[in-house]
Amino acid sequence: GSLATAVRLYGLTKHYEIHVVDIERAAIDGIELRPPLNGKLAIDPTPPLPYAAAAFDVVASSDVFEHIPHALRNAWADELARVARLGQVHTVPCDSRDGRWESSAVDREFDAWYRSVFGEPERWTTEHIQNGVPTVDELVGAFHPTTLRGVANTRLWLESMRVQFGPPGLLRRLRFIMRYIARRAEDDRPPFKGCLIV
């Protein structure tokens, strides 16, 4: 949905068609079908996808693979490769042996903070912890990327999540934005929360 909005904002609706797929019908029911969004489909959580081989030029996902049970990840990676004609782009929280990516550690820290503030777990972070985020080695083996880049410094990510989920307040959010602008270069330094896979 957000990708379709971005394509509209940049005036590119004549150049792209977007099809949204999700395992949760509620996630896509509210999305309005208008160019460039030309299709939406709720699917079964196990492959295959109901599309022909090379049905799409590019397949993209954002923060999906950490929610897929470990045993199904390679099957889904193969299925996305099957329906992608030109390539794939994904963002995925992940871990690495060298400490360059440390999603699990910062997820546990955010989970502890969220539970202390709200008295219950946050749904998506709980899934990260239960499923275990992919490792960089697993992602390289599954996707054979031409590019793998770090995304979101863990400290800045954690600070932004506390602002997003913390008590509402315009002043609080403005302070974070000002701090982020001043520290923006840190976002390109490890340890990273996730990676961009191309």
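The values are calculated or read from the model by the stated rules, or taken from the named source; none is laboratory data. Here the structure is a predicted model, which is why all the values come from computation and not from measurement. Don't worry about glycine lacking a Cβ; one is built from the backbone with ideal geometry, like all the others, and counts go over all protein chains shown. Please note that ligands, DNA and RNA were not included when accessible areas were found on the heavy atoms of the full protein model with its side chains. Shrake-Rupley method; radii C 1.70, N 1.55, O 1.52, S 1.80 Å.
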Only helices (runs of 4 or more DSSP H) wholly contained in region 97-198 count here; list those with 1 or more residues that are farther than 29 Å from VAL59 by Cα and free of Cβ contacts under 8 Å to residues at least 24 places away in the same chain.
-> 103-118, 154-165, 170-183
Residue by residue through region 141-180, note down the ones that are β-branched (Val, Ile, Thr), within 18 Å of VAL92 (Cβ to Cβ) and surrounded by 13 or more Cβ atoms within 10 Å (Cβ to Cβ).
-> VAL151, THR154
Of the conditions (1) open to solvent by less than 30 Å² (accessible area, probe 1.4 Å); (2) modelled with pLDDT under 95; (3) under 16 Å from the mean Cα position of the chain (by Cα), VAL133 clears all except one; give me its number.
-> (2)
Residue check, GLU138 of a type in the set (D, E, K, R), at pLDDT 90 or above and surrounded by fewer than 17 Cβ atoms within 10 Å (Cβ to Cβ) = no
Determine whether region 96-112 contains at least one residue that is open to solvent by less than 50 Å² (accessible area, probe 1.4 Å), of a type in the set (D, E, K, R) and over 23 Å from THR146 (Cβ atoms).
-> yes
